[in-house]
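The values are calculated or read from the model by the stated rules, or taken from the named source; none is laboratory data. Fair warning: this is a prediction, and the values are worked out from it, not measured in the lab. Positions of Cβ are generated from backbone atoms using ideal geometry, with glycine treated the same way; all protein chains shown enter the neighbour counts. Accessible surface areas use protein heavy atoms only, side chains included; no ligands, DNA or RNA. Shrake-Rupley method; radii C 1.70, N 1.55, O 1.52, S 1.80 Å.
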Amino acid sequence: MISSSFPLVRLTPKAEARAIRHGFPWVYSNELVQDRRTKAIEPGRLARLEDTERNPLGVIAFNPNSKIIGRVLTRNLDERIDQDWFAGKIKAALAHREAMYDEPYYRLVHAETDGLPGVIIDRFGDVAVVQPNAFYADQMFDQIANALAEVTGVTTIVKNGQGRARELEGLPIETVIERGEIDGPVPVKMNGATYMADVIGGQKTGLFYDQRPNHAFAAGLAKGGKVLDVFSHVGGFGLAALAGGAASALSVDGSAPALEMAEQGAAAMGASDRYATRRGDAFDTLAALRAEGEQFDVVICDPPAFAPNKRALEPGLRAYERVARMAAPLVKDGGYLVLCSCSHAADLQKFRGASARGIGKSNRTPQLIHTGFAGPDHPLMPQLAESGYLKSLFFRLMPE
């Protein structure tokens, strides 16, 4: 598809064309002239974008049903958006990952930051899980899948059509094995630990690669110690700590299937005798552990996004403060408390403030020793604050 065949859309006089020229990848619905021709454009169509003076800005993927009405695909109007175009983007993304990692287990494509707006691809060896979270990507999925197989050689491709992002785009919720087959969880070795990724029925794509460097840092603090991993999913921090030499680890999560995957991972790495799981509400379990007089050398809390958007920011910050307040008493004097947030609406300063308040209300004195972010397979787009969502704060709680 070439741009001469695309419909034309234009920014309103109040829209900030300079942001688009400087790399901002989104056009909001209130920034486009909504005339009869614009309203006739179907979701998923590609369109040429111009500023108010009719200067070309590039090609966007259009969706009138989304607040993000346009996603910038290219600023080159002569570029063809086809399978070869997708292959070029995936090839560039692959080159970076292969430079970073010895084995093919990573986030291969991180949406806008890798030049494929709304497209997430996680790789698990010969298996790839694709999340087409934008309308155009869902419509062009076959071309994406063909390009992915061509560039990487993966033999199994799963289309993961789950999550709030697809709902906001007006897309159906579905998970489909598009090619190849899956006969069970995929074992993934990371930081010396073994994780079992349920790429069909698990949360998101089955495993969170973004915390890899933070898992490693926490494991370094846990040598010989007793570890509590709350909101553990399939064993993230806990299994990494065991691989790093922790004496024991307890994982807490509300999902029985996730904890079963965690136990399978511990068994695969020969650490079952040092590993335990506890299913339950995180807050209830934190309270119960305190009532039981338990204390740990390292406590990690990695909850889901409490503040997924600006409307949820204040209650989300209160929830992060509550986590810190309830977790801090479980840390031994001189031990470590790791608090994480994947809420892009809660920036680092706000999250750090909420965490410090919570620790303070538990009458503990913290030292902030390290701030961690997502790994290099989750690059940030400087123009898009949402791409810098993950924060991990490592506190040492001073002896009283």
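When the residues of the stretch 57-86 are filtered to those that are part of a loop (DSSP other than H, G, I, E, B) and polar (S, T, N, Q), which remaining residue is nearest to GLY115 (Cα to Cα)? Spell out the reasoning first.
So in the stretch 57-86, the residues part of a loop (DSSP other than H, G, I, E, B) come out as 63-67, 75-82.
Filter once more, keeping what is polar (S, T, N, Q): 63, 65-66, 76.
Numbers: ASN63: 18, ASN65: 22, SER66: 20, ASN76: 13 Å.
Only one residue tops the list, namely ASN76.
Taking the stretch 278-297 as the search range and keeping residues that are open to solvent by 40 Å² or more (accessible area, probe 1.4 Å), not in a helix (DSSP H, G or I) and not small (Gly, Ala, Ser), which one is nearest to SER251 (Cα to Cα)?
Kept after step one, since they are open to solvent by 40 Å² or more (accessible area, probe 1.4 Å), are these residues of the stretch 278-297: 278-279, 281, 284, 287, 290-295, 297.
Checking the rest, the ones that are also not in a helix (DSSP H, G or I) come to 278-279, 281, 292-295, 297.
Then drop every residue that is not not small (Gly, Ala, Ser), which leaves 278-279, 281, 292, 294-295, 297.
Values: ARG278: 6, ARG279: 8, ASP281: 12, GLU292: 16, GLU294: 14, GLN295: 14, ASP297: 14 Å.
Of everything passing the filter in the stretch 278-297, ARG278 is nearest to SER251 (Cα to Cα).
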Enumeration of residues in the stretch 239-253 that are open to solvent by less than 10 Å² (accessible area, probe 1.4 Å), without any contact (Cβ under 8 Å) to a residue 40 or more places away in the chain and not β-branched (Val, Ile, Thr) = ALA249, SER251
task = Check whether at least one residue in the stretch 71-86 is out of contact with any strand residue (DSSP E or B) (no Cβ under 7 Å at 6 or more places or on another chain) and of a type in the set (A, V, I, L, M, F, W, C), and report yes or no.
result = yes
message = With the structure loaded, tell me whether ARG45 is open to solvent by 50 Å² or more (accessible area, probe 1.4 Å), in contact (Cβ under 8 Å) with a residue 12 or more places away in the chain and on the phi > 0 side of the Ramachandran plot or whether it fails that test.
response = no
ask   = Does the stretch 383-395 include one or more residues that are hydrophobic (A, V, I, L, M, F, W, C) and at pLDDT below 95?
value = yes
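Taking into account only those residues within the stretch 117-152 that are hydrophobic (A, V, I, L, M, F, W, C) and in contact with a Phe, Trp or Tyr (Cβ under 7 Å, 6 or more places away or on another chain), which is nearest to LEU46 (Cα to Cα)?
Within the stretch 117-152, the subset hydrophobic (A, V, I, L, M, F, W, C) is 119-121, 124, 127-130, 134-135, 137, 140-141, 144-145, 147-149, 151.
Next, only the ones that are in contact with a Phe, Trp or Tyr (Cβ under 7 Å, 6 or more places away or on another chain) stay: 124, 144, 147.
Values: PHE124: 31, ILE144: 16, ALA147: 19 Å.
Residue satisfying both the conditions and the ranking: ILE144.
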note = If we ask which residues in the stretch 301-310 are open to solvent by 10 Å² or more (accessible area, probe 1.4 Å) and among the small types (Gly, Ala, Ser), their number turns out to be 1
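Does the stretch 181-196 hold any residues that are touching a residue at least 24 places away in the same chain (Cβ under 8 Å) and in a loop (DSSP other than H, G, I, E, B), and which are they? Can you show your working first?
Residues of the stretch 181-196 that are touching a residue at least 24 places away in the same chain (Cβ under 8 Å), as a first pass: 181-182, 185-196.
Matches in the stretch 181-196: GLU181, ILE182, PRO185, ASN191, GLY192.
Within the stretch 181-218, which residues are of a type in the set (A, V, I, L, M, F, W, C) and open to solvent by 40 Å² or more (accessible area, probe 1.4 Å)?
Within the stretch 181-218, the first condition is being of a type in the set (A, V, I, L, M, F, W, C), and the residues that meet it are 182, 186, 188, 190, 193, 196-197, 199-200, 207-208, 216-218.
Matches in the stretch 181-218: ILE182, ILE200, PHE208, ALA216, PHE217.
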ask   = Can you name the condition, by its number, that ALA165 falls short on among (1) assigned to a strand (DSSP E or B); (2) at pLDDT below 95?
value = (1)
Set LEU116, LEU94: member being over 13 Å from the mean Cα position of the chain (by Cα), part of a loop (DSSP other than H, G, I, E, B) and not β-branched (Val, Ile, Thr) = LEU116
request  = Looking only at the stretch 142-180, count how many residues are among the charged types (D, E, K, R), surrounded by 15 or more Cβ atoms within 10 Å (Cβ to Cβ) and within 20 Å of the chain's Cα centre (by Cα).
outcome  = 3
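Do we have any residue at all in the stretch 212-221 that's in a loop (DSSP other than H, G, I, E, B) and either under 28 Å from VAL119 (Cβ atoms) or at pLDDT below 95 (or both)? Break it down stepwise before answering.
Taking the stretch 212-221 and keeping what is in a loop (DSSP other than H, G, I, E, B), we get none.
There is no residue in the stretch 212-221 that is in a loop (DSSP other than H, G, I, E, B) and either under 28 Å from VAL119 (Cβ atoms) or at pLDDT below 95 (or both).
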query = Quick one: would you say ARG396 is within 17 Å of ALA218 (Cα to Cα) and basic (Lys, Arg)?
reply = yes
Residue satisfying condition, being among the aliphatic types (A, V, I, L, M) and either open to solvent by 40 Å² or more (accessible area, probe 1.4 Å) or at pLDDT below 95 (or both), within set ILE69, ILE90, ILE2, ILE60 = ILE2
ask   = Is one or more of the residues making up the stretch 28-42 under 21 Å from the mean Cα position of the chain (by Cα) and either of a type in the set (Gly, Ala, Ser) or outside any helix (DSSP H, G or I) (or both)?
value = no
key: Check on ALA19, open to solvent by 10 Å² or more (accessible area, probe 1.4 Å), at pLDDT below 95 and in a helix (DSSP H, G or I)   = yes
inquiry  = Here is a check on your reading of the model: is THR12 at negative phi, open to solvent by 10 Å² or more (accessible area, probe 1.4 Å) and either at pLDDT 90 or above or under 31 Å from the mean Cα position of the chain (by Cα) (or both)?
reply    = yes
query = Using beta carbons and a limit of 7 Å, which pairs, at least six apart or on different chains, have the first residue in the stretch 72-85 and closer than 18 Å to PHE62 by Cβ and the second one of a type in the set (D, E, K, R) and not in a helix (DSSP H, G or I)?
reply = LEU77/ARG48; TRP85/GLU79
